[in-house]
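The values are calculated or read from the model by the stated rules, or taken from the named source; none is laboratory data. Owing to the predicted nature of the structure, the values given are computational and were not obtained by experimental measurement. So basically every Cβ, Gly included, is an ideal-geometry build from the backbone, and we count neighbours across all protein chains shown. Keep in mind that these areas ignore ligands, DNA and RNA; they rest on the heavy atoms of the full protein, side chains included. Shrake-Rupley method; radii C 1.70, N 1.55, O 1.52, S 1.80 Å.
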Amino acid sequence: MINNNVATESWKCFSKAGKIAFVLLFICLVVVGIAVPVLLPSASLQSVKLGKQYVAGELVDDDILSPVDIVFIDEVATKQMRDDAMEAVLPVYSYDLTSTIFMRTLLDTYLDTFSENGRKEAEALLSANDLEDTRNVGTRLGMLEEDKLSEIGELARESLADVFCRGLFKDADLQNSMLSGYDMISANLPKDMYSYDLATKDVAISGLLSSSNLYEFLLDQGLAKYPVLGYTNIRLIADIVSMFAVPNVSYDSFRTAESRSRVAEEAGSVMVSIAKGDVIAAKDTVITEQQLRIIDTINGTKVPIRFQNIVAQTLFLITVLCFSLFFVIYFIPYKFRVPLYTIMLLVGLVVVLILSFLMILYVSANGAWVAFEPTMPFLLLPVLFTFITNKRRIGFSVGFVSAGFAVLFPNSGKYSFFYLLVMIEASVLFIRLGTNRIDVIYEAFYSALTAALVTVIFSILNDYSYAVMFNSIVVVVLNVAFTYVVVSVLLSIMEKLFNIPTSFRLHELSYTDNPTLNRLNQVAPGTFNHVRNVSDMAYLASKAIGANAELARVGALYHDIGKSEHPEYFIENQAGTNAHDLLNRNLSAAVIKSHVKLGVEKGREIGLPQEVLDIIGEHHGNDIITYFYNAAKKEAQGKDILVSEEDFRYTGQIPQTPESGIVMLADCVEAASRTIKNPNTQKYDRLIMNIIISKINHDQLSDSQLTLTDLFKIKDTFIITLVGRDHQRIEYNNDKD
């Protein structure tokens, strides 16, 4: 029967130190599983696959595809767009209403003062306002008649109003605007010369008034508007206006900057939206600065780490790890191996995570020339544990947790888990669990071939370039080859270091040409012949029910090595004389029982694995030595002698595994079959069934995990083996070959 409370029973197998080590390693593994993706540099998180490093202006060798969905602001393009928008804003010029009104009022006052108080008062007014009559306007006005003076004054007022309405600009401001590349400006000017309501206008610099072209403008305007006045009077008007016309429109740096800032804000940002699989740069096209920035941005994008993500990832890792550990423990047939195997698994996962971290760093530092999954040492633990435990199901479970940890890597895609899982499970299926180490070469070849095929399929699904696909195939084949080399080395070390019964080690132990079995053959040839027959029977029966046939073979070969100490007390080694005739029945039973204990001790001395020692110690269970027990009871009849059943019972544990149960049955059947006269199939069938029923009745198989179906298959296999052993040869005439 299989113990349903696997976790509880397995936990009891741990020592106190083992429990502490398990808990610490479990926590360490979860921490490393969370920390490794966090510690990865940003360049490794989102990686664009490039065949080489490009510079702007080069032709693209192959389509460059985006590995992720990403939306970001192109800062360079945004700045350029905003700069262009700001540059499109014309320089802003502001109208100085105060100075305009003041100078027009001053002109009115000057003319009124000149008319009423004379030249001296008018010149005093000019002097008080820092104006200078450089063109001798006062003298020329004094020579005019009153009516003419009034007319000239009105025309001067009108001309000044017209100049101020048009706006008089500073030469330096206009020159700076033109040097900045502008031929137009934005200015707020009066709507007309009779109003001070301002309106913003975009005007050409070439048509604007400034100090340099004002006088010429006044002369041209005067000649055009007042031709009857004569040139002398027109010049006088121009001189009057020039004296009072000061620049009333100037460059407003604050308003210009404000307008440009507002326009830049309204321009927004250049958003780049790339979907996974989109072509960033097509083959045989010239790569641009912006495309290179997109690649750099993707390669430099770091996934934000949030607390809830850490919690979710931690729970995910704990769940995956617990499920995998449960199945690994569930499928381990020898529970005393649980502490060793689970500690090895946890340590191995930590090492694999660290190696994966280093490989991703290397790939990232070299331009992401290959997909990250083929670089991971994904096969190491599944293959190693499959060989160690001789159970493909354990390899599958270890592969599941290995692939599960890879999901948390930031550059893991939607197919990464399935890519690793398919490759691991396919590779584990190719492991034949054979007995020859040369088989590993063939298994490595088939695994590499499968890995290459799976890599091609998933590269197509991920839209990788041909260059990346080819590189990934090369890397994954080398990865598989290196994995099997490492596994071969580690397996040999672990077999010796932890005395693990791998199929290779068991096969080597099954060679009968070794000192222990040679000595058994020399001192107890009957026992040696018996164990070889039992070995063949146990091997074939184990294969029939899917048990560990190599372990059963080795356990059967060594199960009676304790008989080499006192071989004469065992019937198969006796030749007429029975050594038990000189002993009482209790002592005979003690001698018979001792071969089990001696066998375990000898097996431990020669370094047999614990699984083989268990078979040696369990092959008689705690059954009764029936022959001597019945003989003792018969001799005690009529006498006042108490015969204790315990004195005639083996002191071993009943078989705990199918292999141990099979060896027990094969041992009994092989020995009992020697007593059958004229054997045939029917006799063997009855004999074997009686032995099986007897063992069941004596509760010897209750913990062996053998089902009734298994027992019937074992019986049929035993019959075939015994019939083959006892077949009769045809008798030939002496005169014939």
For segment 209-348, the dipole about the Cα centre with charges only on Cβ (Lys and Arg +1, Asp and Glu -1), to the nearest 20 debye, works out at 1060 debye
Percent of Cα-Cα pairs per 5 Å bin, from 0 to the last occupied bin, for segment 103-159, please list those.
4, 20, 32, 31, 12, 1
If the cut-off is 17 Å between C-alpha atoms, which aspartates and glutamates fall inside it for residue 414, apart from same-chain ones fewer than 8 positions away?
69, 278, 373, 463
Within segment 609-690, trypsin sites (Lys or Arg not before Pro) in DSSP loop having at most 16 other beta-carbon neighbours inside 10 Å:
639, 674, 677
What shape does segment 577-666 take by its C-alpha gyration tensor, where a ≥ b ≥ c are the square roots of the eigenvalues and a/c under 1.5 counts as rounded, a/b above b/c as prolate, and the rest as oblate?
prolate
Considering the convex hull of the alpha carbon atoms of segment 18-176, report its projected area averaged over all viewing directions, in nm², one decimal.
23.7 nm²
Can you tell me which lysines have their Cα less than 25 Å from the Cα of residue 191? Leave out same-chain residues fewer than eight positions away.
170, 201, 225
Order 420-426, 691-697, 179-185, 374-380 from most to least packed using the mean count of other Cβ atoms within 10 Å.
374-380, 420-426, 691-697, 179-185
Find which of 529, 583, 546 sits farthest along the positive direction of the dipole of segment 521-617, computed with +1 on the beta-carbon of Lys and Arg, -1 on that of Asp and Glu, about the Cα centre.
546
What shape does segment 613-655 take by its C-alpha gyration tensor, where a ≥ b ≥ c are the square roots of the eigenvalues and a/c under 1.5 counts as rounded, a/b above b/c as prolate, and the rest as oblate?
prolate
Which shape class, rounded, prolate or oblate, goes with segment 381-459 when its Cα gyration tensor gives a ≥ b ≥ c as root eigenvalues, a/c under 1.5 marks rounded, and past that a/b bigger than b/c marks prolate?
oblate
Could you check what % of the DSSP bridge pairs in the chain are antiparallel, to the nearest 5?
80 percent
Among 353, 333, 85, the residue whose Cα sits farthest towards the positive end of the charge dipole of the chain, when +1 is placed on the Cβ of each Lys and Arg and -1 on the Cβ of each Asp and Glu, is 333
For segment 401-502, what number results from the quotient of the Cα radius of gyration and 2.2 N^0.38 Å?
1.21
Fraction of antiparallel bridges per DSSP, segment 119-250 only, in percent to nearest 5:
70 percent
Which of the lysines could a cross-linker bridge to residue 120, judged by Cα under 23 Å and excluding same-chain residues fewer than eight apart?
148
Within segment 101-190, list the GluC sites (Glu not before Pro) lying in a DSSP loop whose Cβ has at most 10 other Cβ atoms in a 10 Å radius.
132, 145
Would you tell me the accessible area of residue 710, worked out with a 1.4 angstrom probe on the heavy atoms of the protein chains, in Å² to the nearest 10?
30 Å²
Cβ charges +1 (Lys, Arg) and -1 (Asp, Glu), total dipole of segment 89-183, debye:
240 debye
Net lengthening on full extension, residue 147/residue 678 (0.36 nm per residue, minus Cα-Cα)
174.3 nm
Potential lengthening between residue 73 and residue 319 on full extension [0.36 nm per residue; Cα-Cα distance subtracted]:
84.7 nm
What Rg and what Dmax come out for segment 506-637 when only alpha-carbon atoms are used, in angstroms?
15.6, 52
Let's test the formula: R0 of 45 Å, r as the Cβ-Cβ distance of residue 637 and residue 605. What FRET efficiency results, to the nearest 0.05?
0.55
Just to confirm a number: summing +1 for Lys and Arg and -1 for Asp and Glu over residues other than residue 141 whose beta-carbon lies under 12 angstrom from that of residue 141, what do you get?
-2
For a quick check of understanding: with a 1.4 angstrom probe and all protein chains in place, what accessible area in square angstrom does residue 215 have, to the nearest ten?
50 Å²
Grab every C-alpha pair in segment 253-406, bin the distances at 10 angstrom width from 0 up to the longest one, and report whole percents.
9, 24, 23, 18, 13, 8, 4, 2, 1
Which entries in 543/683; 16/597; 602/634; 633/683; 335/695; 335/391 show an alpha-carbon gap greater than 26 Å?
16/597; 602/634; 633/683
Could you give the dipole magnitude of the chain about its Cα centre, charging the beta-carbon of Lys and Arg +1 and that of Asp and Glu -1, in debye to the nearest 20?
5100 debye
Could you point to the label whose value was computed as percent of Cα pairs over 37 Å apart for the structure here, given [x] 65; [y] 40; [z] 51?
[x]
Here the gain from full extension of residue 723 to residue 460, 0.36 nm per residue of separation minus their alpha-carbon distance, amounts to 88.8 nm
For segment 338-477, what Kirkwood radius comes out of the mean inverse Cα-Cα distance, in Å?
15.4 Å
